[in-house]
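See structure below.
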Amino acid sequence: MSTPEAQAVYGSGITFTDAQDLIPLPVAQEIIGLIPPQSAAMSLFRRVTMSSRTLKQPVLGALPLAYWVAGDTGLKQTAEMAWSNVMLHAEELAVILPIPEAILDDAAFPLWDEARPWIASAIAQALDQAVFSGINAPASWPTAIIPGAAAAGKDTPIGTAATAGGLAEDLNKVFTMVEASNYDVNGIVAKRAVRGALRSARDTTGQKLLDVSTNEVEGIGLTYVYNNVFPAAPIAPVTGLCHLVAGDFTMGLLGVRQDIQWKLLDQSVISDATGKVILNLAQQDSVAMRVKARFAFAVANPVSSAGQVAGAYPFATLSGTLPALLEAEAAAEAATKTKAKAA
């Protein structure tokens, strides 16, 4: 007769729960994130290399005119040309990103490789905000494009063409405003929320009016930027929020005194505006990436062979209220960015 201790046990064994602390947890080799946005100003404007902080860019101010001569002995009239200068003032845009060395050593990812595109993106967004909206723009810079278009009366309210193609016709009116100043539209910069509104443009029979799948309208390229690049409030005398800028981007001058430069610091101190040391890199075993660039901005508004039109400006805007769903998407994006900044 066998004892209980000698009886066979068939239900025992090592389970996953028993051994879970011994099993290494795999980590994905990729960080999921958005594609860092690029600067619309850098990609569309005329790039001007600067050898000093200030540059004078000559712009045509008056063109010669030709006259018919009256009869065989008529007198030939004279003409003149004139130039004026657009001033470019380079100002510095910079950021420092510190990281403790212990975090760099223990991280499963190459943090600097991950951070560099987003640092460049921060530079790009700050530049676009200043150029298009005047947000935190240097005092030496001229009026930004959206306020400049508003002051020149170059804005089309959304919804003025509800029975004639909707947003498609609104956009056509924006183009017409630019062309009325003797400029040709060669670029469009818009909030991402505008994409859906353009896709939904229909005629009275329900036919789709625009195909934006190639990021073009009438053969003109569309560049989308995050909503925070555009003003968060209407720019007087315009009463609606601006969602789109179209114009002749060769008239936008982006002066580059110093392109984006990177420098890794390990022996410096970081202080606040009062001089108080916030972080001593050497003493606190940290390193920091310092990124800086120097840019200038101006809008040229030369005369054309057709003469200078009163109130001429090479850009025009589309402002007003987008469909409710798109406005909600824009608000959600802005809230997400505010939350990320606070974190």
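The values are calculated or read from the model by the stated rules, or taken from the named source; none is laboratory data. In this text the structure is predicted, and so the values were computed from the model without any measurement. Here the Cβ is made from the backbone with ideal geometry for all residues, glycine too, and neighbour counts use every protein chain on show.
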- [ ] Identify all residues within region 154-178 that are acidic (Asp, Glu) and modelled with pLDDT of 95 or more; write none if there are none.
- [x] Asp155
TODO: Please specify each residue of region 75-101 satisfying the condition of being of a type outside the set (A, V, I, L, M) and modelled with pLDDT of 85 or more.
DONE: His89, Glu91, Glu92, Pro98, Pro100, Glu101
Task: Neighbours by Cβ (under 9 Å, 6+ apart or cross-chain): first from region 45-63, within 18 Å of Ala130 (Cβ to Cβ) and assigned to a loop (DSSP other than H, G, I, E, B); second polar (S, T, N, Q) and modelled with pLDDT of 80 or more - done: Phe45/Thr250; Met50/Gln258
- [ ] Being free of Cβ contacts under 8 Å to residues at least 60 places away in the same chain and within 17 Å of the chain's Cα centre (by Cα) narrows it down to one of Ala130, Ala107, Ala126, Ala139, so name that one.
- [x] Ala126
- [ ] Identify, by number, the condition in (1) crowded, with 19+ Cβ neighbours inside 10 Å; (2) modelled with pLDDT of 90 or more; (3) in contact with a strand residue (DSSP E or B) (Cβ under 7 Å, 6 or more places away or on another chain) that Ala137 doesn't meet.
- [x] (3)
TODO: Note down all Cβ pairs under 7 Å where the first residue falls in region 273-284 and is in contact (Cβ under 8 Å) with a residue 24 or more places away in the chain, the second is loosely packed, with under 10 Cβ neighbours inside 10 Å and of a type outside the set (A, V, I, L, M, F, W, C), and they're at least six residues apart or on different chains.
DONE: Leu281/Gln267
Open item on the list: With the structure loaded, tell me whether Ala19 is modelled with pLDDT of 65 or more and of a type in the set (A, V, I, L, M, F, W, C) or whether it fails that test.
Closed with: no
Open item on the list: For region 203-251, which positions are in a strand (DSSP E or B) and surrounded by 20 or more Cβ atoms within 10 Å (Cβ to Cβ)?
Closed with: Val217, Val225, Leu241, Cys242, His243, Leu244, Val245, Ala246, Gly247
- [ ] Among the numbered conditions (1) over 30 Å from Val59 (Cβ atoms); (2) touching a residue at least 60 places away in the same chain (Cβ under 8 Å); (3) over 23 Å from the mean Cα position of the chain (by Cα), tell me where Gly206 comes up short.
- [x] (2)
TODO: State whether one or more residues within region 55-69 are closer than 21 Å to Val256 by Cβ and modelled with pLDDT of 85 or more.
DONE: yes
Open item on the list: Being touching a Gly at 6+ places or on another chain (Cβ under 6 Å) and of a type in the set (A, V, I, L, M, F, W, C) is true for just one of Leu171, Leu209. Which residue is that?
Closed with: Leu209
- [ ] Give the number of residues within region 180-200 that are outside any strand (DSSP E or B), closer than 24 Å to Pro231 by Cβ and free of Cβ contacts under 8 Å to residues at least 60 places away in the same chain.
- [x] 2
Task: Test: Thr250 is over 31 Å from the mean Cα position of the chain (by Cα), modelled with pLDDT of 90 or more and not hydrophobic (A, V, I, L, M, F, W, C) - done: no
Task: Set Val303, Val299: member being touching a strand residue (DSSP E or B) at 6+ places or on another chain (Cβ under 8 Å) and at pLDDT below 90 - done: Val303
